[in-house]
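Take a look at the structure below.
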Amino acid sequence: MDYIFGLAGTLLVIIVLWDVMTTTMLLSGAGPLTFPLTSGLWKICLKLHRRFMLRGSLSLCGGLIILASITVWIFFYWLGWTLIFSISKFSVLESQSGATANFLQRAYYVGFTFITLGIGDFKAGSEFWEILSIVLAISGFFMVTLVITYLLPVVSAVVEQRQLAVYIHSMGFARGGLIPSFQGLGLHGLIENLQPLTEKISRLGQQQLAYPVLRFMQSSNPKASLPLALADLDETLTLILNGSADLPATAENLLPLRHSLTFYLRTLRSLRIPLADKPPPSLSLNDLAFFERQSVEADEFDRRLQALDERRRTLDGYVAYSGWEWQEGMRQQSSDEAEAAKAASGLH
């Protein structure tokens with residue numbers, strides 16, 4: 001008997017099961033195998049995207065990363081159990097001749113037992129290995145069920161992300177300046193339309209922890225890009241809450257949304273999305289004229305922005321980590337002005 005194989009296989013099975021459970025059940029981010037694998041693959045995708053500017057291919061990377069994660073889980077789980085069944089050469093026998101199986105034949109037996117196919121070419125060599133085969137089949141069924149139940153809500157969360165991004169962009173935000181879609185509505189109109197976003201963004205923050213692969217599921221369309229949309233939204237709130245000298249009492253209704261965005265950004269930091277080296281370009285106080293608000297002095301506004309340096313660097317880092325550049329969303333402004341003005345009529 002070779003107990004080294006058994007020890008190595010047992011450790012491998014435990015590590016894979018822990019990784020799968022951490023990633024799919026504990027709602028605390030990716031597991032010890034999944035995190036470095038998915039992060040490394042995404043960095044490769046980003047490098048290829050920035051070199052060849054293939055936006056469409058980057059949007060496919062998220063699905064490929066999920067597929068790679070599942071493949072790694074299955075491969076190492078399969079290998080671990082194959083090593084366990086390699087403790088004894090009598091663990092697996094040919095059904096008809098009773099001859100002992102070689103390593104590849106044991107891997108074949110483990111494979112069809114793992115996915116519960118029930119092919120009868122080989123059989124367990126003793127009662128002990130029969131019981132272990134039952135454990136393998138049960139754990140395989142458990143693992144496959146976890147993976148399937150993990151994938152379905154991921155798809156739903158991706159759709160929800162893109163719906164929210166489209167909604168925010170339809171309101172006419174832009175980091176380089178507010179598109180005048182709220183001209184005539186005033187600040188009260190903006191607050192009324194932003195309040196429903198608080199719950200949605202809070203839920204998306206939890207989803208980022210529950211399904212860490214979401215940060216790799218990026219859209220090739222800037223109007224459906226959540227990182228760009230949240231950057232637009234948060235920068236607008238920064239401008240209103242820190243640049244206005246005469247905020248009305250109703251502006252307090254924006255604070256829950258701001259807190260939801262703060263939680264979301266902290267979630268991104270817990271997922272180790274890097275900060276930008278420096279904050280993005282400063283906001284323009286002139287944009288407050290759309291809401292008929294008086295602005296603070298420029299020096300005071302700059303001081304307040306400096307206090308938000310880490311927050312704005314987190315936003316910029318999130319945009320870059322998603323394969324976009326801060327200026328890309330700003331370049332959409334001129335082409336979107338006419339559409340945003342039409343959308344504003346539906347926000348009354």
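Readers should treat all values here as calculations from the given coordinates under stated rules, not as data from a laboratory. Quantities reported herein were computed from a predicted structural model and do not represent experimental measurements. A quick note on method: Cβ atoms are made from the backbone with ideal geometry, for glycine too, and the neighbour counts reach across all protein chains shown.
What is the extension gain from His188 to Ser220, computed as 0.36 nm multiplied by their sequence separation minus the C-alpha to C-alpha distance, in nm to one decimal?
Length gained, His188 through Ser220: 8.2 nm.
Given points 7 Å out from each Cα along the Cα-Cβ axis, report the Thr100 to Thr10 separation in nanometres with one decimal.
Taking the simple label geometry, Thr100 and Thr10 are separated by 2.1 nm.
Under a point-charge model restricted to the Cβ atoms of Lys and Arg (+1) and Asp and Glu (-1), what is the dipole moment magnitude of the chain relative to its Cα centre, in debye to the nearest 20?
So the dipole magnitude of the chain works out to roughly 740 debye.
By a straight-distance test (C-alpha under 23 Å), which lysines pair with Lys200 as possible cross-link partners, with residues fewer than eight away in the same chain excluded?
Lys223
Arranged from highest to lowest average of other beta-carbon atoms within 10 Å per residue, in what order do the peptides 316-325, 156-165, 295-304 appear?
316-325, 156-165, 295-304
Fewest Cβ neighbours within 10 Å first, please rank His259, His49, His169 accordingly.
Numbers: His259 13, His49 19, His169 26.
Ascending Cβ contact count within 10 Å gives the list His259, His49, His169.
So which aspartates and glutamates pass the test for Lys278, namely a Cα distance under 13 Å, with those fewer than 8 places away in the same chain ruled out?
Answer for Lys278, where 13 Å is the Cα cut-off: Asp309, Glu310, Asp316, listed by chain and number.
Taking 8 Å as the Cα distance limit and 6 or more residues as the minimum spacing, I'd like the relative contact order of the range 3-147 as a percentage.
Working: 154 pairs, mean separation 38.0, N = 145.
26 percent.
Please work out which option in [x] 63, 49, 37; [y] 80, 48, 35; [z] 89, 39, 37 gives Cα extents along the principal axes in Å calculated from these coordinates, and answer with its label.
Calculated Cα extents along the principal axes in Å: the matching label is [z].
Would you kindly compute the Cα radius of gyration of the range 3-147 and its largest Cα-Cα separation (Dmax), both in Å?
Reported Rg and Dmax, both Å: 18.4, 59.
Relative contact order of the range 203-305, please, whole-number percent, based on alpha carbon pairs below 8 angstrom and at least 6 residues apart.
Relative CO of the range 203-305 lands at 37 percent.
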